[in-house]
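Enquirer: Could you have a look at this structure, given as structure tokens, before my questions?
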Amino acid sequence: MESNVKEYITRKVKELINSPTCCAEAKAAGQSWLNSVGTDREADAAKILIAELEEDIMPIEGLIAFAGSEAGAQVFGTEKAKQVKAHAEEIKSSGAKYCDCAACEAILEKKEALL
């Protein structure tokens with residue numbers, strides 16, 4: 001992988017794991033990939049990261065429904081869930097199709113380079 005692509009993906013993975021809406025499994029997969037960069041485990045960690053992100057990326061309607069649910073309130077906390085829902089509704093009105101943590105989408109766009 002070209003060093004500029006690896007640097008870009010590294011920045012996006014760090015952005016992902018620092019996102020307050022990132023689930024524990026995606027954080028773990030991202031951290032595992034970061035820890036594996038430059039080792040013989042890098043390719044396997046990349047596969048796990050890609051699989052996790054493909055599973056986690058959320059259509060905007062799903063995010064709105066989740067943030068407005070009891071489960072969303074349990075995950076985010078009541079006030080944060082209200083904020084996430086309001087934000088999701090706002091970006092949906094601007095045409096968003098997915099949650100707006102750009103890190104997932106950016107990493108998945110570089111999937112071929114990772115694998």
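The values are calculated or read from the model by the stated rules, or taken from the named source; none is laboratory data. Because the structure is a prediction, the values reported are computed rather than measured. For neighbour counting, all protein chains shown are included, and Cβ atoms are generated from backbone atoms with ideal geometry for every residue, glycine included.
Enquirer: Which condition number in (1) surrounded by fewer than 17 Cβ atoms within 10 Å (Cβ to Cβ); (2) over 10 Å from the mean Cα position of the chain (by Cα) is the one that Val84 fails?
Expert: Only one criterion in (1) surrounded by fewer than 17 Cβ atoms within 10 Å (Cβ to Cβ); (2) over 10 Å from the mean Cα position of the chain (by Cα) is unmet by Val84, namely (1).
Enquirer: Quick one: would you say Cys104 is within 14 Å of Ile9 (Cα to Cα), out of contact with any Lys or Arg (no Cβ under 6 Å at 6 or more places or on another chain) and surrounded by 16 or more Cβ atoms within 10 Å (Cβ to Cβ)?
Expert: Judged against the criteria, Cys104 is a match.
Enquirer: Follow-up question, since we're still on this one. Exactly one of (1) β-branched (Val, Ile, Thr); (2) modelled with pLDDT under 90; (3) under 10 Å from the mean Cα position of the chain (by Cα) is unmet by Val75. Its number?
Expert: Only one criterion is unmet by Val75, namely (3).
Enquirer: Just one of the numbered conditions (1) farther than 30 Å from Leu115 by Cα; (2) surrounded by 12 or more Cβ atoms within 10 Å (Cβ to Cβ); (3) not small (Gly, Ala, Ser) is not true of Glu90; which one?
Expert: Just one mismatch for Glu90, condition (2).
Enquirer: Now, a different point. Which of the residues belonging to region 12-26 are surrounded by fewer than 16 Cβ atoms within 10 Å (Cβ to Cβ) and part of a helix (DSSP H, G or I)?
Expert: Lys14, Ala24, Glu25
Enquirer: Could I ask something else about it? For Ile91, all conditions in the list (1) in a helix (DSSP H, G or I); (2) closer than 20 Å to Glu109 by Cα; (3) at pLDDT below 90 hold save one; what is the number of the exception?
Expert: Ile91 satisfies all of (1) in a helix (DSSP H, G or I); (2) closer than 20 Å to Glu109 by Cα; (3) at pLDDT below 90 except (2).
Enquirer: Are any residues in region 15-72 under 11 Å from the mean Cα position of the chain (by Cα), within 16 Å of Glu105 (Cα to Cα) and without any contact (Cβ under 8 Å) to a residue 24 or more places away in the chain, and if so, which ones?
Expert: Within region 15-72, Ile17, Asn18, Lys27, Gly30, Glu55 qualify.
Enquirer: If you don't mind, there's one more thing I want to ask. Taking into account only those residues within region 35-77 that are of a type in the set (A, V, I, L, M, F, W, C) and part of a loop (DSSP other than H, G, I, E, B), which is nearest to Glu25 (Cα to Cα)?
Expert: Checked region 35-77; the qualifying residue nearest to Glu25 (Cα to Cα) is Ile57.
Enquirer: Suppose we keep only residues that are among the polar types (S, T, N, Q) and closer than 22 Å to Ile64 by Cα within region 9-46. Which one would you say is modelled with the lowest pLDDT?
Expert: Thr21
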